[in-house]
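The values are calculated or read from the model by the stated rules, or taken from the named source; none is laboratory data. Being a predicted model, the structure only gives us computed values, none of them experimental. Cβ atoms come from the backbone with ideal geometry, glycine included; neighbour counts cover every protein chain shown. Heavy atoms of the whole protein, side chains included, go into the accessibility calculation; ligands, DNA and RNA do not. Shrake-Rupley method; radii C 1.70, N 1.55, O 1.52, S 1.80 Å.
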Amino acid sequence: MTDPYNPNPQYGPDLSKQPDSGAHQQYGQPAYGQQPSDPYAQQPGYGQPQYGAPQPQYGQPADPYAQQQPGYGQPQPYGMPQGYNPADPEAPYGRDMYGVPFSDKQKLMAGLLEIFLGSFGVGRFYLGYTGLGIAQIAVVWLTCGIGAIWPLIDGIMMLTGKVPDAQGRPLRD
């Protein structure tokens, strides 16, 4: 350390006063067997919290006035649909991993409508495919019900997320 009363300060260890023992001392570290040269390090209570100072408790936020964010399993604030993002008006229901905005239609709703009411084309009408909905009605009724395999397979594909909505957006969960 430097001496404030010394007009010629020397930085680092003074190699002229210490014999070379083969072990080199690192800067800022006291030599083996010596006390640290920091005068504050030897005072009682140095580095410890002062009495009466507020201490953050384990698991508590550092800012006591910070708002708690809803975590996993906690209810969302009222008035907003699940996944609503007001900061992104182009994707109010979020985006998928490729950045494509999610549809306002749901996979489960589209799939179940298509499986149970597919002979009436309801699942395709729900997604906005009016032409395919009319085609499903025609195929099912003109084949006397044999063509009902098409809405069944189509409903399973909707449940797995393979069918987008009419605007090409993936269905949300």
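If you check every pair at least six apart or on different chains, which have Cβ atoms under 8 Å apart with a residue in region 81-99 that is farther than 22 Å from residue 162 by Cβ and open to solvent by less than 40 Å² (accessible area, probe 1.4 Å) first and a residue that is of a type in the set (Lys, Arg) and modelled with pLDDT of 80 or more second?
Within 8 Å, the pairs are 88/95.
If you go through region 114-137 one residue at a time, how many are in contact with a Gly (Cβ under 6 Å, 6 or more places away or on another chain), of a type outside the set (S, T, N, Q) and without any contact (Cβ under 8 Å) to a residue 24 or more places away in the chain?
Residues that pass the stated criteria total 3.
Name the single residue, out of those in region 158-167 being touching a residue at least 24 places away in the same chain (Cβ under 8 Å) and not polar (S, T, N, Q), that is surrounded by the most Cβ atoms within 10 Å (Cβ to Cβ).
Only one residue tops the list, namely 158.
Are any of the residues in region 138-153 within 28 Å of the chain's Cα centre (by Cα), without any contact (Cβ under 8 Å) to a residue 60 or more places away in the chain and open to solvent by less than 60 Å² (accessible area, probe 1.4 Å)?
From region 138-153, those within 28 Å of the chain's Cα centre (by Cα) are none; that's our starting set.
For region 138-153, residues within 28 Å of the chain's Cα centre (by Cα), without any contact (Cβ under 8 Å) to a residue 60 or more places away in the chain and open to solvent by less than 60 Å² (accessible area, probe 1.4 Å): absent.
Just to be sure I understand, how many residues within region 119-137 are in contact with a Lys or Arg (Cβ under 7 Å, 6 or more places away or on another chain) and either open to solvent by 40 Å² or more (accessible area, probe 1.4 Å) or charged (D, E, K, R) (or both)? So that I can check it myself, show each step before the final result.
From region 119-137, those in contact with a Lys or Arg (Cβ under 7 Å, 6 or more places away or on another chain) are 126-127, 132-133, 136; that's our starting set.
Of the ones still in play, those that are also either open to solvent by 40 Å² or more (accessible area, probe 1.4 Å) or charged (D, E, K, R) (or both) are 126, 132.
Residues that pass the stated criteria total 2.
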